[in-house]
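Participant: One structure is given below, represented as C-alpha cells, and several questions about it will come after.
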Amino acid sequence: MDVKQVMRDYFVDLGEAAKDPARKVAWCTSVGPAEILRALGFEVYFPENHGALLGATRVCGDTIPVANAQGYSPEICSYLTSDIGAALKGVTPLTKAYGLAEVPRPDVLVYCTNQCKDVMHWFAWYARRWNVPLLGIHPPNHLPDVLPEQVADVAAQYRRMIGQLETIAGRKLDPQALRSALAHSKEATDLWAQVLDSARARPAPLNFFDGAIFMGPIVVLRGTPIATDYYRSLLAELQARIAAGHAAVPRERLRIYWEGMPVWGRLRHLSDLFAKQRAAVVASTYCNSWIFSDFDPDEPLESMARAYLKIFINRDDAYKEAYIERLVREFAIDGVVFHAARTCPNNSNSSYNLPQRLAAKGIRSVVVDGDLCDLRCFSDEQSTTLIEAFLETL
Ligand code: SF4
C-alpha cells in the first residue's frame, strides 16, 4: 500500500463527509481521544497534520504573518499561526493535493492539553469563527509517573465529554464500537512500533525522514482498519528490505537520534545532509510519540487515559533523560541531534540541561536551532555547518 494513496483516500473522503449533512466531522488534536470520536461515527480531522502540510509545502512565510497581525504572537506554535493565517487567507494545501475547496468544517472541536496549551487557543479560534462546540480534556502535565488517580481523573473527563458528544452526534456511544476502535488503534500502534523498531537493523531500512512521511496514517487513521492494513504491508516491505540488505542510507556509517519536531519545510535538505555524511537518523522522539502500548479494548477509557497521559511530551525531565538513554542503547546510536524549535518549547528538550546530563553519561549531542514551520528560524548554512562538524566528531 502506498502512503500517498492512503492519505489521498482519507482526505477525499473527509471532503465528501464535510459536504454531506448526514455525516459529522470532528476535529481532534494529534494525541487526543480519536477513538471515542470514531466510535461515535465522526469523521476525524487533525489540524496539526494540516500544520505539517503547510510547513512541508513552505507556504508558512505567507500565512504566519496574517495570524500575527490578528494578535497571535510569532513566538507561539507555528502550526497554530500558519493554520489560522491560512484560514484567514482562504488557502489550504488540501486544494492542490486532494481537490478540497477548504479544510473540512467541523461539527465539534475536541482538544487535549496533554501536549501543550496552544491547541486549546488554536481550537478556540475556530470555535469562535464558526460557532462550533469546543470540548477539552485537561489532564495533569509533566508527570514523573502516571498514577491511578490521574488515570481515573482523565477517564472521568472522557465520560463527561462522551455525554456532550452524544448530543452532537445524535446517537449513544455503542460500547462495542469503542472496543472495536481501540482494538484497531492498538493493532495499528503495535505495528507502527515494529516499523520503527526495524531501524535497529544495521543498516537501517528506514530513517527518520521516511518515518515522518510513513507516520501519516497512525496520526489521522488510528481507530480504523485502514491504518492497520497499511502498517502491516509497510512492515512486510521493511522486513524484505532488511533481508535484502537494503539501506535507507547507503554505506551507513553513523547512527543518529533526532530529538524534537521535524523541520517540515527542510526534510529533504536535512535528509540529504545526513545521507551525504553516511549518517542514518534511525530513531526519534517524534515518530515514537504515536506508540500507545497501553491501549486495551477490554478497558477502553482507562487504557486510553493511561496511554495519552504517558506520552513523552507529557512527562518530566528525568523520564525523558532515561527514555533517550534507553533508545540510544537499543538503537546503537552514535549521537543525538536536538532540534530546538523556536515556536514549540513544549517539544524541544535542550533548554534545561538535558544535553549536558546525557554528555555526562557519554552520549554526545548537538543543538540545532530551527522550527517546525517558521523557516525564518532555521538557517541552512548554520545547521549544515553544525551538523557536519558534529558528525565529524563522532
Ligand atoms: S506540541 Fe508544539 S507543535 Fe504541537 S501543537 Fe503544541 S506547540 Fe504546536
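Laboratory data are not the source of any read-out in this text; all were calculated from the coordinates shown. Please read these numbers as outputs of a predicted model, since none were measured by experiment. Here the Cβ positions follow ideal geometry from the backbone for every residue, glycine too, while neighbour counts run over all protein chains shown.
Participant: Read phi for every residue in the stretch 161-169 and hand back ³J(HN,Hα) as whole Hz from Karplus 6.51 cos²θ - 1.76 cosθ + 1.60, θ = phi - 60°, with x for Gly and Pro.
Facilitator: Calculated HN-Hα couplings, in order: 5, 4, x, 5, 5, 4, 5, 5, 6 Hz.
Participant: OK, next. Let me see the pair-distance distribution of the chain: every alpha carbon pair, 20 Å bin width, integer percents in order.
Facilitator: 28, 61, 11, 0
Participant: Can you give me the Cα centroid spacing of the stretch 71-94 and the stretch 338-363 in angstrom?
Facilitator: 27
Participant: Turning to a different aspect of this structure: Please express the shape of the stretch 3-174 as an equivalent ellipsoid: the semi-axes are the square roots of 5 times the eigenvalues of the C-alpha gyration tensor, given largest first in whole angstrom.
Facilitator: Semi-axes from the Cα gyration tensor: 26, 21, 14 Å.
Participant: Quick one: Debye curve from the C-alpha atoms of the stretch 57-98, no solvent, what's log10 I(q)/I(0) at q = 0.14, 0.15, 0.27 Å⁻¹?
Facilitator: -0.27, -0.30, -0.85
Participant: Scaled to the compact-protein estimate 2.2 N^0.38 Å, what is the alpha-carbon radius of gyration of the stretch 178-393, rounded to two decimal places?
Facilitator: It is 1.02.
Participant: For the chain, what does -39500 (n - 2.57) per DSSP helix run (n ≥ 4), summed and divided by total residues, give at 222 nm, in deg cm²/dmol to the nearest 500?
Facilitator: That calculation yields -16500 deg cm²/dmol at 222 nm.
Participant: What order do you get for 179-191, 66-78, 327-339 when each peptide is scored by the mean count of other beta carbon atoms within 10 Å, highest first?
Facilitator: 179-191, 327-339, 66-78
Participant: Count charges around ALA279 for me, please; just the other residues with Cβ under 14 Å from its Cβ, Lys/Arg as +1, Asp/Glu as -1.
Facilitator: Its environment carries a net charge of +2.
Participant: Any of LYS24/LYS310; LYS186/LYS310; LYS320/LYS361 with alpha carbons more than 25 Å apart? Name them for me.
Facilitator: With Cα atoms farther than 25 Å apart: LYS24/LYS310.
Participant: Another question, then. What distance in nm separates the simple spin-label points at ARG278 and LYS89, each placed 7 Å from Cα in the Cβ direction?
Facilitator: 4.2
Participant: Given a cut-off of 19 Å, what percent of all Cα-Cα pairs of the stretch 341-394 lie beyond it?
Facilitator: 37
Participant: For the stretch 3-53, what mean projected area does the convex hull of the alpha carbons give, in nm²?
Facilitator: 3.7
Participant: So, one more: Contact order normalised by length for the chain, with contacts defined as Cα pairs under 8 Å and 6 or more residues apart; what percent is it?
Facilitator: With pairs under 8 Å counted, the relative contact order is 19 percent.
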